[in-house]
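The values are calculated or read from the model by the stated rules, or taken from the named source; none is laboratory data. These figures come from a predicted structure and were not determined experimentally. Here Cβ is always computed from backbone atoms with ideal geometry, including for glycine, and neighbour counts include all displayed protein chains.
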């Protein structure tokens, strides 16, 4: 299997991937990631805030600048940016990062929508509502302007603890599901405790932007704005976070969207079944890799991020086979990861 359409008219988006495409990466931080055990998106807790900018630097340069090594889990599983880096290298599709509330700015080109850093949703509102509205308007304008020049916008994300804020938003919207995790053993009880505390501040049905300001994160603000501003279709490249974002978008207005994610997410959670849009699942083939760090994805680690599923689908739609793409990922792993060990 190269890809499987779980629901909706996914074929249209696959055809658009062969046309004029631009890849955006919405990257940000939430202090929810500082809760011990909530995420492994960083070799240690002090490095978590560096993960999003380092991911983007890797996409541009094949190396990181804000930290001296690529982002990884505590035991060395590499960032999914290695998959996306490979697909961008092969397809030569243009891309840019969008600063959606970063603690650390990347030493690489990026666009800023002036979103705030997200707070710990277990303790307080995620963001100031007026700041959320301003950032949303900036993202909306970005989506509107960019869409005039392309046939399809792809949006990936990188925000540690993003699945926890996604769970809070899904529950606030009345969608009873469990999100995926970057770990084989999803810290469900911890996420539930955090979300329960956060939802105490939600009073009945609220405006989607107000909901994001209470229990969401700044990447949600950016992606929702881009998608709703775009006059062309938008492919949300990500896992269960994108289900929450798609559900918000559905309540905010009309947008032609679909979700592309990895088979590893699909095998980990039923959240994709709740998406209000087409869903395409792609297999990067990492189960067959010669590299233990890459096989770990098929064993339940990391699974998705930095647009990996959408980037894989992009490579497949443009004619690269599964075995060929895997060999190229392994080559990237050798040059970007192993050469720095």
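Structure notes:
- Test for residue 290: is it in a loop (DSSP other than H, G, I, E, B) and either surrounded by fewer than 24 Cβ atoms within 10 Å (Cβ to Cβ) or in contact (Cβ under 8 Å) with a residue 40 or more places away in the chain (or both): yes
- Lone unmet requirement of (1) touching a helix residue (DSSP H, G or I) at 6+ places or on another chain (Cβ under 6 Å); (2) touching a residue at least 40 places away in the same chain (Cβ under 8 Å); (3) farther than 23 Å from residue 317 by Cβ for residue 137: (1)
- Among residues of segment 80-95 being farther than 15 Å from residue 331 by Cα and out of contact with any strand residue (DSSP E or B) (no Cβ under 6 Å at 6 or more places or on another chain), the one that is surrounded by the most Cβ atoms within 10 Å (Cβ to Cβ) is 91.
- Residue within segment 76-85 that is touching a helix residue (DSSP H, G or I) at 6+ places or on another chain (Cβ under 6 Å), under 24 Å from residue 327 (Cβ atoms), at pLDDT below 95 and part of a strand (DSSP E or B) present: yes
- Verdict on residue 234 being modelled with pLDDT of 95 or more and either closer than 26 Å to residue 56 by Cα or in contact with a helix residue (DSSP H, G or I) (Cβ under 6 Å, 6 or more places away or on another chain) (or both): yes
- Close pairs (6 angstrom Cβ cut-off, 6 or more residues apart or separate chains): at positive phi in segment 152-163, assigned to a loop (DSSP other than H, G, I, E, B) anywhere: 161/38; 161/39
- Candidate set from segment 305-319 (those that are over 16 Å from residue 25 (Cβ atoms) and touching a helix residue (DSSP H, G or I) at 6+ places or on another chain (Cβ under 6 Å)); member that is surrounded by the most Cβ atoms within 10 Å (Cβ to Cβ): 315
- Matching residues, segment 232-279, being touching a residue at least 40 places away in the same chain (Cβ under 8 Å), within 17 Å of residue 23 (Cα to Cα) and surrounded by fewer than 24 Cβ atoms within 10 Å (Cβ to Cβ): 232, 233
- Test: residue in segment 202-209 that is under 17 Å from the mean Cα position of the chain (by Cα), crowded, with 17+ Cβ neighbours inside 10 Å and modelled with pLDDT of 95 or more: no
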